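Novice: The structure is given below, and queries will be raised subsequently.
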Amino acid sequence: MGGDVVVDTRVLRPSAVLDHRTAIRLVAELESQDVTRGGVWVANPSLWQRYDRPWNGPGGVRGTAQLVGSIAVMYDAPARQQITLYRVALTEAGLALGFTVESICDAALMLVGTNLAACPRAELANAPTRDSFHRP
């Protein structure tokens, strides 16, 4: 879809780190807000994607939902049971809706009552490179 074109990618420096309790709660909230359950998130251990609406296609597929943006994350980093947010990508659709790097992070983090500004920060020496997501 045309709106899925990534137009702004930013590395969070220093990266935002969620402690283990917040990380566990947030993963559970993102799962409860899955696009196939009427929410706007698709979350896996390396990428959280925000859509503009729940998936509305036949049989629970994407339909007309547009990708707003993605948050690249690392689970168990920098320590076990922590989650680090280290890169954000926004699409044309996301920018058109007024999303920013901060606001898409805050959209996820507000599910557990926090925001990007309140997150502890850490420098990550071992964050995956952009190319590591494109290799077969």
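Novice: Those residues that are within 20 Å of Tyr51 (Cα to Cα), of a type outside the set (A, V, I, L, M, F, W, C) and in contact with a helix residue (DSSP H, G or I) (Cβ under 9 Å, 6 or more places away or on another chain), I need them from the range 72-99; list them, please.
Specialist: Scanning the range 72-99 gives Arg87, Thr91, Glu92, Gly94.
Novice: Pick from Arg53, Arg25: which is among the basic types (Lys, Arg), surrounded by 14 or more Cβ atoms within 10 Å (Cβ to Cβ) and without any contact (Cβ under 8 Å) to a residue 40 or more places away in the chain?
Specialist: Going through Arg53, Arg25 in turn, just one is among the basic types (Lys, Arg), surrounded by 14 or more Cβ atoms within 10 Å (Cβ to Cβ) and without any contact (Cβ under 8 Å) to a residue 40 or more places away in the chain: Arg53.
Novice: Across the range 25-40, what is the total count of residues that are outside any helix (DSSP H, G or I) and touching a Phe, Trp or Tyr at 6+ places or on another chain (Cβ under 8 Å)?
Specialist: Matching residues across the range 25-40 total 3.
Novice: Follow-up question, since we're still on this one. If I ask for residues that are of a type in the set (Val, Ile, Thr) and outside any strand (DSSP E or B), which ones from the range 41-92 would you list?
Specialist: Val61, Thr64
Novice: Within the range 100-114, count every residue that is among the polar types (S, T, N, Q) and under 12 Å from the mean Cα position of the chain (by Cα).
Specialist: So the count comes out to 1.
Novice: Among the residues of the range 93-113, what is the count of those that are in a loop (DSSP other than H, G, I, E, B) and surrounded by 18 or more Cβ atoms within 10 Å (Cβ to Cβ)?
Specialist: Final tally of qualifying residues: 1.
Novice: Turning to a different aspect of this structure: Just a yes or no: is a residue in the range 18-37 of a type in the set (Val, Ile, Thr) and closer than 21 Å to Thr100 by Cβ?
Specialist: Within the range 18-37 (the criterion being of a type in the set (Val, Ile, Thr) and closer than 21 Å to Thr100 by Cβ), the answer is no, since none of the residues qualifies.
Novice: Of the residues that sit in the range 78-99 and are among the small types (Gly, Ala, Ser) and farther than 21 Å from Ile24 by Cα, which one is farthest from the chain's Cα centre (by Cα)?
Specialist: Ala96
Novice: Here's something else I'd like to know. Just wondering, is there one or more residues in the range 30-39 that are within 16 Å of Asp4 (Cβ to Cβ), crowded, with 19+ Cβ neighbours inside 10 Å, at pLDDT 95 or above and not basic (Lys, Arg)?
Specialist: yes
Novice: If you go through the range 19-59, how many residues are among the small types (Gly, Ala, Ser) and within 17 Å of Tyr75 (Cβ to Cβ)?
Specialist: Total meeting the criteria: 4.
Novice: Got a sec? Which of Leu67, Leu30, Leu85 is closer than 16 Å to Asn115 by Cα and touching a Ser or Thr at 6+ places or on another chain (Cβ under 7 Å)?
Specialist: Selected residue: Leu85, the only one of Leu67, Leu30, Leu85 that is closer than 16 Å to Asn115 by Cα and touching a Ser or Thr at 6+ places or on another chain (Cβ under 7 Å).
Novice: Here's another thing I want to ask about it. Cβ contacts < 6 Å: first residue touching a residue at least 12 places away in the same chain (Cβ under 8 Å), restricted to the range 95-114; second residue part of a loop (DSSP other than H, G, I, E, B), any location; separation 6+ or different chain. Result?
Specialist: Once the first residue is touching a residue at least 12 places away in the same chain (Cβ under 8 Å) and sits in the range 95-114, its partners that are part of a loop (DSSP other than H, G, I, E, B) give Leu109/Asn115.
The values are calculated or read from the model by the stated rules, or taken from the named source; none is laboratory data. All of these numbers come straight from a predicted model, not from anything done at the bench. A quick note on method: Cβ atoms are made from the backbone with ideal geometry, for glycine too, and the neighbour counts reach across all protein chains shown.
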